[in-house]
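Everything on this sheet refers to the single structure shown next.
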Amino acid sequence: MTERRTIGVIGGGIAGLAAAYRLARQGQRVILWERNSYLGGQAAAFPVAGSELEYFYHHLFMNDHDIRELMEELGIGDDLIWLNSSVGFFADGKIYPLQGALDLLRLDFIPLHDRIRIGLVTLYLQKRTNWREFEQITAADWLRRAVGERAFDRVFGAQLRAKFGKRYDQVAMVWFWNKLHLRTQSRTSPLQKEQLGYIRGSWNTLINRLGEAIGENGGEVQVGVGTESIEQNEDGTWQVSTTDSQTVTCDALVATVPSPLLLRLVPNLPEWYQEKLTGAVYQGAVAMILQMSRKLSDIYWLNIGDPSIPFTGVIEHTNFIGPEHYQGNHFLYISKYLDQDHPYLTMSEDDLFDEYVPYLQKINPDFSPDWVSQRWVFRERAAQPIITQNYSERVPEHRTPLHGLYLANSAQIYPEDRGTNYSIRLGNRVARIVQNDIDHGMIGPQKV
C-alpha cells in the first residue's frame, strides 16, 4: 500500500477545495490554507435579506457536468435547480430582449441584412467543434470579416470593448467561440429560452459541503490563515510558514493562487516557467451590488452595447432567483472588468455609486437612488486572464519544475473560460496528477 503523504493546498477557492477533497478521499493527509475569512473565492456568498448572495454573480450552464457530478457525489444534487433565463442587449437607449433567434431579427439599430448575417455566423459557429481553428486569429479580425464592420462595431465589437476595454482587439477568437457555445448549449433549440442553473441557498451550499467532506475524509481546512512563505528542503519536501506562525512540512504543495503570486512565493523557478507565469495578463473586476425596492428591468443578464456606459453588464439576480427568496428585495450587480490601473479599483463606494447613477437612469429613466436601501462593492485584481492568440503555448504546466510543487489556477483553464465548473475540473485534474506521482514514488523525501 502506498504510504500516506502530507499534501498542502494553498488557497480555498473552488479549485483548491476540489483538489483537497479528491486527495483526502485518496487517503492523503491534506491541509488547506485560505487567507480570507471564508472559503470559495469569487464563488462565495455573504448574508443578505435573510438569505445569502454571491460576492460575484454566478450561474451554471447545461453542459457544466463536472459540478453536477460532484454535487451528486456530495449528496446535494437536489439543491441544483434549473430556471429560465432572460438575456438582453442595451443599445441606442433601448433594451432589446435576446431570448432566441427571432429576437435577433428585431435588433433594429442595425439593418436587416446585418441581422441575418449575424444569425448565420452564429449558427456557423455553433456547428464548429474544433477550437484550435480559432486560436491563431483575434475575435475582432475574424468577426469583422464574418459580419462586416458595421455589425461588428454595433454588436460583437461593442461587447468586446465593454469586456476588455483597450485590449478588445487582442482577444483570441477561441474565447468568443467558447462563450457562444456555452450559451447556445443551454437551449434545447434556437427558438427556446435559455435555461441556467443555480444552487439553492447560494454557492455556499456547495462550498460548505466541500469543506465538511474534506474533514470527513481526514483533511484539515484552516480559514483565515495565509501562506507567508514556502521553502524547499534538501530532501525535496516543502516547509510552509503561515500567517499564524505555524511551520508545516509537506511532501507536496498544490498552489491554487494566481500565477504572479506563485512567482512571489517561489522566485527561484526556472526562467522558462517564469515566462509562462508572467505571460498571462490578468483583468481586474469590480462588482457593485444594489439592494433595491424595485427592479431596474425585466432582464436577468443585460449586455451593454452603448460605448458611453462605463460598465460591462447589468445582472439583475432577482430576475433569475425571485425576490421572494430575499424578503421581497431586488438585487442588482453592476459588473465592470478593467485594467490594473483603472480608478474604479480604488474609488470609494459612494463615488462609484454616484458615477453609475446617470447610466442606470439611461437604462431606466425612472431609476432613483431612493430605490437603493443597501449597496456593496467587491473587487478582485486577478479576476481572469485575457486569452490571446496561441494561448495554449503559454499555459503553465501543473507540475512545476520544482519537485513536489504543483499549480492549479484560472490561467490553466483553456480553451474554456473561467467558471466554477472548470475550477472543479481543474482541481480534479491536479489531484489526479499528484496522486499518480504518489503512486509512482515521486512524492515524499528524496535521497540526498
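The values are calculated or read from the model by the stated rules, or taken from the named source; none is laboratory data. The structure presented is a predicted model; accordingly, all values stated were derived computationally and were not measured. Quick reminder, even Gly has a Cβ in these numbers, built from the backbone with ideal geometry, and neighbours come from all protein chains shown.
For the reader, a short list of remarks on this structure follows.
- Matching residues in segment 211-225 - criterion: being of a type in the set (D, E) and in a helix (DSSP H, G or I): E212, E216
- Helices (runs of 4 or more DSSP H) contained in segment 125-210 and holding at least 2 residues of a type outside the set (A, V, I, L, M, F, W, C) and modelled with pLDDT of 95 or more: 139-147, 157-164
- Residue list for segment 76-107, filter: charged (D, E, K, R) and under 11 Å from R154 (Cα atoms): D92
- For first residues located in segment 239-253 and touching a residue at least 12 places away in the same chain (Cβ under 8 Å) and assigned by TED's automatic domain parsing to the domain that holds G11, partners that are assigned to a strand (DSSP E or B) and among the small types (G, A, S) and lie 6+ apart or on another chain with Cβ distances below 6 Å form the pairs V240/G8; S241/S229; C250/G8; L253/G8.
- Cβ-Cβ under 8 Å pairs, at least 6 apart or on other chains, segment 411-423 side farther than 15 Å from V281 by Cβ, far side surrounded by fewer than 21 Cβ atoms within 10 Å (Cβ to Cβ) and acidic (D, E): N421/D66; Y422/D66; Y422/E416
- You will find that of Y391, Y356, Y337, the residue that is of a type outside the set (A, V, I, L, M), in contact (Cβ under 8 Å) with a residue 12 or more places away in the chain and over 23 Å from E54 (Cβ atoms) is Y391 and no other.
- Single residue of segment 33-42 satisfying the filter (of a type outside the set (G, A, S) and closer than 10 Å to G13 by Cβ) that is surrounded by the fewest Cβ atoms within 10 Å (Cβ to Cβ): N36
- Any hit, segment 63-73, residues being within 30 Å of I309 (Cβ to Cβ), surrounded by fewer than 24 Cβ atoms within 10 Å (Cβ to Cβ) and under 16 Å from the mean Cα position of the chain (by Cα): yes
- Only a single criterion out of (1) part of a loop (DSSP other than H, G, I, E, B); (2) among the charged types (D, E, K, R); (3) in contact (Cβ under 8 Å) with a residue 60 or more places away in the chain is not satisfied by K295, namely (3).
- Of residues in segment 397-409 being surrounded by 18 or more Cβ atoms within 10 Å (Cβ to Cβ) and in contact with a Gly (Cβ under 9 Å, 6 or more places away or on another chain), the one nearest to A255 (Cα to Cα): A408
- Search result, residues across segment 255-271 that are under 23 Å from I31 (Cα atoms) and part of a helix (DSSP H, G or I): S259, P260, L261, L262, L263, R264, L265
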